[in-house]
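The values are calculated or read from the model by the stated rules, or taken from the named source; none is laboratory data. This structure is a prediction, so every number in the text was calculated from the model and none was measured. Cβ coordinates were reconstructed from backbone atoms using ideal geometry, including for glycine residues, and neighbour counts include every protein chain displayed. For accessibility, only protein heavy atoms count, side chains too; no ligands or nucleic acids. Shrake-Rupley method; radii C 1.70, N 1.55, O 1.52, S 1.80 Å.
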Amino acid sequence: MTRIPIRRALISVYDKAGLADLARGLHDHGAEIVSTGTTAKAIEAAGVPVTRVEDLTGFPECLDGRVKTLHPKVHAGLLADMANPAHEAQLRDLDIAPFQLLVSNLYPFEQTVASGATPAETIEQIDIGGPAMVRAAAKNHGSVAVVTSPGQYPEALKALAEGGFTVAERRRLAAAAYAHTAAYDAAVASWFAASYAPDETAQRSGWPDVAAAVWTRAEVLRYGENPHQQAALYIAGGSGGSSPRASRASSVTEAADSGIANAEVLHGKAMSYNNYVDSDAARRAAYDFGEPCVAIPCGIAVGTDIADAHAKANACDPVSAYGGVIAANGVVTAPMATQIIDGFAEVVIAPDFEPQALEILTGKWKNIRLLRCGAPTVRSGQKEWRQVSGGMLLQSVDLIDAPGDDTERWELKSGAPADAATLADLAFAWRACRAVKSNAILLASGGASVGVGMGQVNRVDSARLAVARAGNRAAGSVAASDAFFPFADGFEILAEAGVRAVVEPGGSIRDDSVVAAAQAAGVTLYFTGVRHFYH
């Protein structure tokens, strides 16, 4: 048996998008529609005949709608294997008609949690009948097609016109349905674990005993970090639409924004693994600032406008900037685009692009990747994870929101208090340094990085690298270190290069020697009391 004509469909959906057109299409092709509650009302309002579930079962909806479809006349119609003569005979004996299509999507549990609803309100959004029907139809995909997203409605209407879904199509829909319910169950399980903390360790630490997630493949990449490695991009959530990107669900990251994985590609060839990694890091850095800011892998700056910020960021290390990623926290303008094409970039990611900017960039390079991606909406306390062999690490996201990130809380340890301009540069350097891979030393002047030392095995080498990259711009600049100086030698390299003010966390057992070195050099030194490693 390949295509199965759809003679009878059961529809019970929370999301009513596209419902009227689907119902009309089913009716026009002679299918009987059975439906529940508000779904039935919406179908009736569209002028399409519908049989209510209570009329089918002879049993009214009850318990405030908690019980609607939990009935043998519903589930036997979904679970009967029509290739099994005994099942067919039992349906005839019980006077139950089979379904060939289930259309169902679930209560908005995640949206309810995100809205700040009370536990009682949240529990009411735990769907029981919906997942039961979806799982039943998916199990019986040999006889029933299951549609779990409005994104699949065009496919359903096409199948209607062609005489039903093929077995391969029903299998694929069943896989998407199980992913849909798995993501839903993962969200519920994670909420329960976080809200009720049944484990003693969770109660004491605040960390839930379960962190569940489902990831859906969005696209297969050409290769991974290196050409011999295979790779794919996955997004948080269970599949349920014609495109995995159309369906999102919560995950252990508690993603508050759709992120770079869901960015809109406006132009250019497909993103690579390294493009995604580099773009995500640059976007993270650019949005640490409220002023117009541009971040590239080797520089970052704020400016009077986005073009000014880009020019200053690029000037930090023009050689390294060639062929890299550019992330802006504001709309890319024509002047910025003109500056970009004077060099070369692989990716430009921004919340939007002016039409003229798009024309300039696409006219110069046919392959440049232009991504439209809104601002991150990271919440305090949001979690992020990193896989390790055999498990994963979970931590709260590092944000610039600790008391020590406020310049008014900084502790002056050496030299005269910084004037307003110097303090502004120190504040910029401190924020920018957070985005640099440890050990991180960042030199800044005029709201722009002028030298960056990163990824070294010790802070002395990072200081040397930052000074070398800055060249004669080191003199008169300020510096930030993402962690304390374990010895005075790293600080002394900065002082000898002419750095006039430094901000660092403090906290070393040798802080006194660093402070003494600063006093001897006449360098202003602030301690923040907070560290921002980025490994």
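Where does helix 420-433 land angle-wise versus the long Cα axis of the chain, in degrees 0 to 90, nearest 10?
That helix lies at roughly 50 degrees to the long axis.
Considering only protein heavy atoms, what is the solvent-accessible area of CYS293 at a probe of 1.4 Å, reported in Å² to the nearest 10?
Only protein atoms counted, so the area is about 0 Å².
With only Lys, Arg, Asp and Glu charged, each at its Cβ (+1 for the first two, -1 for the last two), find how big the charge dipole of the chain is about the Cα centre; round to the nearest 20 debye.
1300 debye
Project the alpha carbons of the range 408-467 onto their principal axes and report the range along each, largest first, in whole Å.
32, 23, 19
What order do ARG52, ARG386 take when sorted by accessible area (1.4 Å probe), most exposed first?
The most accessible residue leads, giving ARG386, ARG52.
Just name one of SER414, HIS228, SER389: the one whose Cα is farthest towards the positive end of the charge dipole of the chain (beta-carbon charges, Lys/Arg +1, Asp/Glu -1).
HIS228
Hey, rough spin-label estimate for LYS139 and ASP398, points 7 angstrom out along Cα→Cβ, what's it come to in nanometres?
Label at LYS139, label at ASP398, 4.8 nm between them.
Using the alpha-carbon atoms, what tilt in degrees (0 to 90, nearest 10) does helix 85-94 show relative to the longest principal axis of the chain?
70 degrees
Please give the length that would be gained between VAL220 and ASP15 if that part of the chain were fully extended, namely 0.36 nm times their separation in residues minus their C-alpha to C-alpha distance (nm, one decimal).
70.9 nm
Under a cut-off of 21 Å between alpha-carbon atoms, report the lysines in cross-link reach of LYS269, not counting same-chain residues fewer than 8 places apart.
The qualifying lysines are LYS364, LYS366.
Please report, as a whole percent, how much of the solvent-accessible surface of the range 377-535 comes from carbon and sulfur atoms (probe radius 1.4 Å).
51 percent
What FRET efficiency comes out for GLU88 versus GLN387 if R0 is 56 angstrom and r is the Cβ-Cβ distance? Round to the nearest 0.05.
For R0 = 56 Å, the calculated efficiency reads 0.70.
How large is ³J(HN,Hα), in whole Hz, for each residue of the range 20-28 in order, when computed from phi with the Karplus curve 6.51 cos²θ - 1.76 cosθ + 1.60 and θ = phi - 60°, using x for Gly and Pro?
Here the 3J(HN,Hα) series is 4, 5, 5, 4, 4, x, 4, 5, 4 Hz.
Relative contact order, percent, of the chain when contacts are C-alpha pairs under 8 Å separated by at least 6 residues?
8 percent
Taking the Cα centre as origin and putting +1 on Lys and Arg beta-carbons and -1 on Asp and Glu beta-carbons, what dipole magnitude results for the range 363-520, to the nearest 20 debye?
I would put it at about 1080 debye.
Return the distance in nm (one decimal) between the two label points of a simple spin-label model at PHE533 and ARG66, each offset 7 Å from Cα along Cα→Cβ.
In this crude spin-label approximation the distance works out to 4.9 nm.
Taking R0 as 41 Å, what's the FRET efficiency between ASN367 and THR2 from their Cβ-Cβ distance, rounded to 0.05?
The value I calculate is 0.45.
Could you give me D for the range 1-83, from Stokes-Einstein at 25 °C and 0.890 mPa s, where the hydrodynamic radius is the Kirkwood radius over C-alpha pairs? Units µm² s⁻¹, please.
Reported coefficient: 181 µm²/s.
Relative to the longest principal axis of the C-alpha atoms of the chain, give the angle of the C-alpha long axis of helix 459-470, reported between 0 and 90° and rounded to the nearest 10°.
Once rounded, the angle reads 80 degrees.
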